[in-house]
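Right, one structure below, let's go through it.
Read-outs: derived from the displayed coordinates by stated rules, not from any lab. Quantities reported herein were computed from a predicted structural model and do not represent experimental measurements. Every residue, glycine as well, gets a Cβ built from its backbone with ideal geometry; the counts of neighbours run over all protein chains shown.
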Ligand SMILES: [Zn+2]
C-alpha cells in the first residue's frame, strides 16, 4: 500500500532529476508575499509570475478543444515521473504554488467531475495525513477541465486548514459522513447553470488521526468581475479560497488590498447563512 513517506521520496527524486522544476520550487522561497487579515483569517498574497499560465488560462470549450491536453500521457514532458496509484498517476506539479505540490491525474482523458471521486479523495487523504487533497471544479479554477485531476499541498500551508475563521460559507463533513452519497445529496441542493453538469465547487479532503474531513466551498461564479488584462489577472481556485491568493502580475500584487480580497470572496462565495438556507438550515447532512 502506498505511504506518505513513499510519496515524499518520489517528490524529492523528481526534483533531483528535473532541474527546471527544482528551480521553480526553490524560487518559491523568494516569491514576494504579503499578509492581510480578514477578521482573523490571515490571507497570504503570493506574487508568483510562473502561475500566469494558469491564471490567464482560457478554459472555454473552444479553447480547450483547440489545445493538446497537457495531462495526457502522450503530452507530458519526458522528465515528468509518476507513481501509479489506483486509476491515477501522482505527479509533482511543475508549476507549484506551495512547497510540496502534487497533481493527481486520471489515467484516461475524461472530464473534471466530482460525481465518482469522493472515495478516492478520502483514501488519498488518509494515505497523506500531512496534506490537503483538493478538487477544482471545471468552472472553478481547473486549468484542465477536460482531464480529471485533483491536487495536494501540505495542509499547514493553507490558512483554512489551520483552524482560522473562514470568511465565507462552507459545508463540512466528518468521519463516516464523508461519502459520495452525502456529497451528491449536498450538490443536488446547490444552484447550477443549465449548461453545467455539476454546481460550482471547490472541495478539500484532509485526515486527522485517521478521521477524514471534507470541506465543500460552493461558488457563485468562476472569476471576479474585475478579472482580465485591464483589471486583475487573479483567477481564484481552491488554494486562493483557502487563503493563499496567487497574483502572477506585479501590478495586481501591489493593488490587492483588504477590500479587493473581501470583494473576491463575496463575489465568488456564498455567506454561511446563504449556504445554510440552501441546505434547508441543515449544514451537516
Ligand atoms: Zn488529457
### Message
Of all residues being in a loop (DSSP other than H, G, I, E, B) and in contact with a strand residue (DSSP E or B) (Cβ under 6 Å, 6 or more places away or on another chain) in segment 195-236, which is nearest to residue 154 (Cα to Cα)? Just the residue, please.
### Response
200
## Note on the structure
Result of the Cβ filter at 6 Å on segment 67-79, keeping first residues that are in contact (Cβ under 8 Å) with a residue 60 or more places away in the chain and more than 15 Å from residue 142 (Cα to Cα) and partners that are outside any helix (DSSP H, G or I) and more than 8 Å from the ligand (Cβ to nearest atom), at least 6 apart or interchain, is 79/18
### Task
Would you mind telling me which numbered condition in (1) exposed (fewer than 14 other Cβ atoms within 10 Å of the Cβ); (2) in a loop (DSSP other than H, G, I, E, B) residue 189 fails?
(1)
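For every residue, the table says whether it meets (1) without any contact (Cβ under 8 Å) to a residue 40 or more places away in the chain; (2) exposed (fewer than 14 other Cβ atoms within 10 Å of the Cβ).
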position: 200; (1), (2): no, no
position: 208; (1), (2): no, yes
position: 226; (1), (2): yes, no
position: 231; (1), (2): yes, yes
position: 248; (1), (2): no, no
position: 256; (1), (2): no, no
position: 262; (1), (2): no, no
### Task
Tally the residues that are assigned to a helix (DSSP H, G or I) and touching a helix residue (DSSP H, G or I) at 6+ places or on another chain (Cβ under 7 Å), restricting the search to segment 17-46.
4
#### Entry: Qualifying position, being within 14 Å of the ligand (Cβ to nearest atom) and either surrounded by 18 or more Cβ atoms within 10 Å (Cβ to Cβ) or within 22 Å of residue 23 (Cβ to Cβ) (or both), among 106, 65
106
